[in-house]
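Structure first, commentary second.
The values are calculated or read from the model by the stated rules, or taken from the named source; none is laboratory data. Bear in mind the structure is a predicted one, so any value in this text is a computation, not a measurement. As a convention, Cβ positions derive from the backbone with ideal geometry for all residues, glycine included, and neighbour counts pool all protein chains shown. These area figures cover heavy atoms from the full protein model, side chains too; ligands, DNA and RNA do not enter into them. Shrake-Rupley method; radii C 1.70, N 1.55, O 1.52, S 1.80 Å.
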Amino acid sequence: MKRKLYIFNPENDMALGCGKDSYNAPKWALQWRHDLELLAGYLASEGSMVLARDAQAAQRWLDSRHLEVEAIDASMLHALRDIEIVPWGWSMPLCKELALAGMHRSLLPSPEEMATVRDLAHRRTSITVHEAMRQEMNRDFSPIPVELDNSSDVLQWALAHPGCYIKTPWSGSGRGVYRAIDAGTEQFERWCAGAIARQGSVLCEEALDKVLDFALEYHCDAANGCQFAGYSVFKSDEQSQYGCGIVDQPSALRHAIASLYSGIDAVNEAMRRVIERLIAPHYSGYLGVDMLLYRKGGAIDIDPCVEVNLRCTMGLVTSMLGERHAMRGTFSIVPASDATHALTPIYKNTRHVAQIKDEG
């Protein structure tokens, strides 16, 4: 088995959206990459490597957490051979960054492979997955999103579906999402026009009477197809921005979902088959499928695909923290000054840390 190198690059979705091999990430994304780079240490298997800005300082911290992972910095990339790279997510700017640092190009996806990954990471994949799940389980689910590329059409759709969500094709953790409670205002029309100008279209989704946010995590590779990797139960705000996640054993997370929706195991297996057919032949790595439970009349039903995140996710982190590291509590990203139970190191100029609070 090849040794693995884990890289935390949370700007990945926006880098995919730019459609080029160069991307200037916003300051907040660069700050997150700097502050939270060692979250990858909790995903990494024993004997793996994580990319850090300061390998020596990172190694001391990893050792203090009893994480049997080696920290390396960019100056060491040129010497690596016969490894598997596990980034937070793949994008052309990341490929260029690693190549410029001296990494052997045979370790990186080709431009053609990256073009396919970018297409699959587009939010329209949620439409394809919705339709495939309908066929797989022979039933209707929640309303399927609509992709539109004209601002006037978006306005008319939003007026017909009050409180809907308008989403850019590539964005993550709730960024690039507009809750259309002000459809028809200058701000709404300006946001939609800008999103379409930058990324070509937007996805429009009806608002549902949400009961629970959760995700199912998977891993794809050529040898094993698609394998289930864990449950994620989390909270998000009205703009769909990630707030916090629940850390617990897999059985407890499954119970939190199944106690509200008994058909979760059938949905999980159907989704695994859909991913194996539609995504696994073209993509190797982790992915998360965001779902939600919602009230429909007097019952609770499921939206089986709010979106497909073709990358690692915070839900994968919380799943690993519970299953692999036997932690329990509430996971969140907080200002370093407010941290009381930090999971990531506080170096010079650190502004954010991941933390987990034991809720008993």
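Some observations on this one:
- When the convex hull of its Cα atoms is projected in every direction, mean area for the chain (nm²): 18.2 nm²
- P(r) tail fraction, region 210-360 - alpha-carbon pairs more than 24 Å apart, %: 36 percent
- Crossing angle, helix 111-121 versus the chain [Cα axis fit, 0-90 degrees, rounded to tens]: 50 degrees
- Put simply, when 259-270, 81-92 are sorted by average Cβ atoms within 10 angstrom per residue, most first, you get 81-92, 259-270.
- Angle between the chain longest axis and helix 125-137 axis [Cα atoms, degrees, rounded to 10]: 70 degrees
- Average accessible surface for the chain: 45 Å² per residue, computed with a 1.4 Å probe over protein heavy atoms with every protein chain in place.
- Surface share of carbon and sulfur [accessible, 1.4 angstrom probe, percent] for the chain: 48 percent
- In region 175-231, GluC sites (Glu not before Pro) in a DSSP loop with at most 12 other beta-carbon atoms within 10 Å: none
- At q = 0.14 Å⁻¹, base-10 log of I(q)/I(0) for region 1-42 (Debye sum, equal scatterers on each alpha carbon): -0.39
- Rel. contact order, % - alpha carbon contacts under 8 angstrom, at least six apart, the chain: 17 percent
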